[in-house]
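To start, the structure under review is shown below, and the notes come after it.
The values are calculated or read from the model by the stated rules, or taken from the named source; none is laboratory data. For clarity, every value in this text was computed on a predicted model and none was experimentally measured. Positions of Cβ are backbone-derived with ideal geometry, glycine not excepted, and every protein chain shown enters the neighbour counts.
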Amino acid sequence: MMSMFDMHADVLMHIARTQAADEPSIVEAFNRHVTRMRAGGVMGAVVVDCRMAGESASSADFERFIQIANVLMHCNSASFCIATSADQLEEAFGGTKWVGLICHEGLRAAEGDLAWIARLYSEAGMRIASLTHNDSNAFATGVGDPAGSRRSANPRGLSHAGRQAVALMNELGILIDLAHASPATRRDILSCSSRPVMLSHTSSAAIYDNGRNLSDEDMREIADRGGLLGCMTSPAALADISDRHHHTLERYVEHLRHMIDVAGEDHVGLGLHFCEYLYTPQEYPPVAGLEDASQAMRIIHALRGARLTERQIEKVAFRNFFRVFREATH
Ligand SMILES: [Zn+2]
């Protein structure tokens, strides 16, 4: 059975929102996610916490993130472990324990203070982070802010603090995630990061343009810099939210294959971003054949059906991510 590594799972956000603070309930909640992912062949994932655009974000949220991460890192679970290096990740993957990497999406509560990045690295084991959600903050403009769009007369990307944050993340060994960054922020990070980056969850604008999916040119820009693109399963990325006919596994594979065709087989991975556990079916209609992570193995079957070789599928399933994570963190 081919194992997969998911580049984006909002598991920590889910736990932060719903669970009590005590260790047993955090571990129990995490194990429910792990069990579902394992059932689909997803043997590891980037587990993410985030305060989304429009939500308030405070230092208390970071303290909670640190607390949850610490419980997971130190609970000595028989079923999972948290890796903080490429060696640990690759050693654990495919073994008896499911393996997670800690990520923060947005970092808005830092309010431009680099000390938070250093603290989250050392105290929460954070090895992946993005500098924005859809909104802008003290580091950078998000994809929802017209100031960072290509149509703006003078597109604004990274701030001064944002440039310092990129340098610090390069130095510490934190993989930078461009998901939710505005085009100007993506451009700035690609030009000033000394290490490869990823864009963990997106789809192909050539197939469906939702304003956030990437154009072929955007994808090549990231691939040309040694970066990695993750293809996401969210219905809103696959097709219009009312277009139920296209919320399907087949449509997901169409996006994924287009990304592989455009960016190349060395630059695409799985940023599955299942989020049925965060929303109601009305808000996020189920994707037929990919209702949750337990169905993920169907992606591998579909790629085999599309006559990709085992070697190519393995790259997309986990090898490309492992390479970029190693290059970004060693
Ligand atoms: Zn996201």
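Numbers for the structure displayed
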read-out	value
Residue that is farthest from the ligand (Cβ to nearest atom), among those in the stretch 1-41 that are hydroxyl-bearing (Ser, Thr, Tyr) and assigned to a helix (DSSP H, G or I)	Ser25
Some residue of the stretch 89-107 being farther than 16 Å from Val47 by Cα, out of contact with any helix residue (DSSP H, G or I) (no Cβ under 8 Å at 6 or more places or on another chain) and within 16 Å of the ligand (Cβ to nearest atom)	no
Leading residue by the ranking (farthest from the ligand (Cβ to nearest atom)) among those in the stretch 171-194 that are under 19 Å from Tyr121 (Cα atoms) and crowded, with 17+ Cβ neighbours inside 10 Å	Gly173
Residue identified as at pLDDT 95 or above and out of contact with any strand residue (DSSP E or B) (no Cβ under 9 Å at 6 or more places or on another chain) among Ala302, Ala296, Ala328, Ala263	Ala302
His133 being touching a strand residue (DSSP E or B) at 6+ places or on another chain (Cβ under 7 Å) and within 23 Å of Cys75 (Cα to Cα)	no
Sole residue being surrounded by fewer than 24 Cβ atoms within 10 Å (Cβ to Cβ) and within 21 Å of the chain's Cα centre (by Cα), chosen from Met37, Met52	Met52
Subset tally (residues that are within 14 Å of the ligand (Cβ to nearest atom), surrounded by fewer than 20 Cβ atoms within 10 Å (Cβ to Cβ) and not in a loop (DSSP other than H, G, I, E, B)) for the stretch 199-250	1
Yes/no for Asp266 being in a loop (DSSP other than H, G, I, E, B) and in contact with a Lys or Arg (Cβ under 9 Å, 6 or more places away or on another chain)	yes
Of all residues making up the stretch 178-229, the number that are over 17 Å from Asn134 (Cα atoms) and in contact (Cβ under 8 Å) with a residue 60 or more places away in the chain	6
Looking only at the stretch 1-23, and only at residues there that are among the β-branched types (Val, Ile, Thr) and more than 14 Å from the chain's Cα centre (by Cα), the one that is modelled with the lowest pLDDT	Thr18
Residue check for Gly44: of a type in the set (Gly, Ala, Ser), touching an Asp or Glu at 6+ places or on another chain (Cβ under 9 Å), away from the ligand (no atom under 16 Å from the Cβ) and assigned to a strand (DSSP E or B)	yes
Which listed residue is without any contact (Cβ under 8 Å) to a residue 60 or more places away in the chain and part of a helix (DSSP H, G or I), from Ala302, Ala328	Ala302
Scan of the stretch 99-113 for residues that are over 17 Å from the mean Cα position of the chain (by Cα) and buried (at least 24 other Cβ atoms within 10 Å of the Cβ), ordered by number	Ala110
Ala86 being modelled with pLDDT of 95 or more and either acidic (Asp, Glu) or under 18 Å from the mean Cα position of the chain (by Cα) (or both)	yes
Considering residues of the stretch 256-280 that are free of Cβ contacts under 8 Å to residues at least 60 places away in the same chain and within 16 Å of the ligand (Cβ to nearest atom) only, the residue nearest to Ala206 (Cα to Cα)	Glu276
Residue in the stretch 108-129 that is more than 23 Å from Gly173 (Cβ to Cβ) and of a type in the set (Phe, Trp, Tyr) present	no
